1. Somewhere in segment 109-119, is a residue farther than 18 Å from R25 by Cα, part of a loop (DSSP other than H, G, I, E, B) and open to solvent by 10 Å² or more (accessible area, probe 1.4 Å)?
2. What pairs come up if the first residue lies in segment 24-47 and is in a strand (DSSP E or B) and of a type outside the set (D, E, K, R), the second is open to solvent by 50 Å² or more (accessible area, probe 1.4 Å) and modelled with pLDDT under 75, and their beta carbons are under 6 Å apart, counting only those six or more places apart or on different chains?
3. Quick check on segment 23-40: of everything there that is out of contact with any strand residue (DSSP E or B) (no Cβ under 7 Å at 6 or more places or on another chain) and open to solvent by less than 60 Å² (accessible area, probe 1.4 Å), which residue is modelled with the highest pLDDT?
4. On the given criteria, is P43 modelled with pLDDT under 95 and not acidic (D, E)?
5. Among the candidates G61, G20, G5, which residue alone is at pLDDT below 90 and surrounded by 14 or more Cβ atoms within 10 Å (Cβ to Cβ)?
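The values are calculated or read from the model by the stated rules, or taken from the named source; none is laboratory data. This one's a predicted model, so the numbers in the text were calculated from it and none came from an experiment. Quick reminder, even Gly has a Cβ in these numbers, built from the backbone with ideal geometry, and neighbours come from all protein chains shown. Accessible surface areas use protein heavy atoms only, side chains included; no ligands, DNA or RNA. Shrake-Rupley method; radii C 1.70, N 1.55, O 1.52, S 1.80 Å.
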Amino acid sequence: MLPAGSRLRRRADFTATLRGARGRRGNGLVVVHVDTRDDSSDPSGATTSPARSTPAPVRVGFVVSRAVGPAVTRNLVKRRLRHVVARRLPELPAGARVVVRALPASAGASAADLDAAVGRALASRGPR
């Protein structure tokens, strides 16, 4: 499961991540937006000092629209994606924000297919 401190929850966080991402990486099942810019604010919006004692956590959000399918299917896809991304958190730079958007084809994908798709998208996260 994804730790509570590693989740994007507010609309403003999603919007800022999508606008600040260096590009999107899609592969037919998912589109991954990664924003590695260091913003000096914590999830509550309060600013923190630049000399933090602990690195900022990677924060991840998921977008699974109705185009993916009915509620049961969307929730299944979200659970699978949360599990896949939780295992990959150590691979991401500290303080990064990630938005994973599921495409309609992800409804019929297995957990292994989603894992491979997210892995490919994150591996190609270099600047474009």
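1. yes
2. Every condition considered, the pairs that remain are V31/R24; H33/R24; V34/R125; S41/T47; T47/S40.
3. Initially, segment 23-40 is screened for residues out of contact with any strand residue (DSSP E or B) (no Cβ under 7 Å at 6 or more places or on another chain), giving 23, 26-29, 36-39.
Now restrict to residues that are open to solvent by less than 60 Å² (accessible area, probe 1.4 Å): 23, 26-29, 39.
Working: G23: 65, G26: 74, N27: 80, G28: 87, L29: 92, D39: 58.
Among residues in segment 23-40 that are out of contact with any strand residue (DSSP E or B) (no Cβ under 7 Å at 6 or more places or on another chain) and open to solvent by less than 60 Å² (accessible area, probe 1.4 Å), the one modelled with the highest pLDDT is L29.
4. In short, yes.
5. Numbers: G61 fails: at pLDDT below 90; G5 fails: surrounded by 14 or more Cβ atoms within 10 Å (Cβ to Cβ).
Answer to the check: G20.
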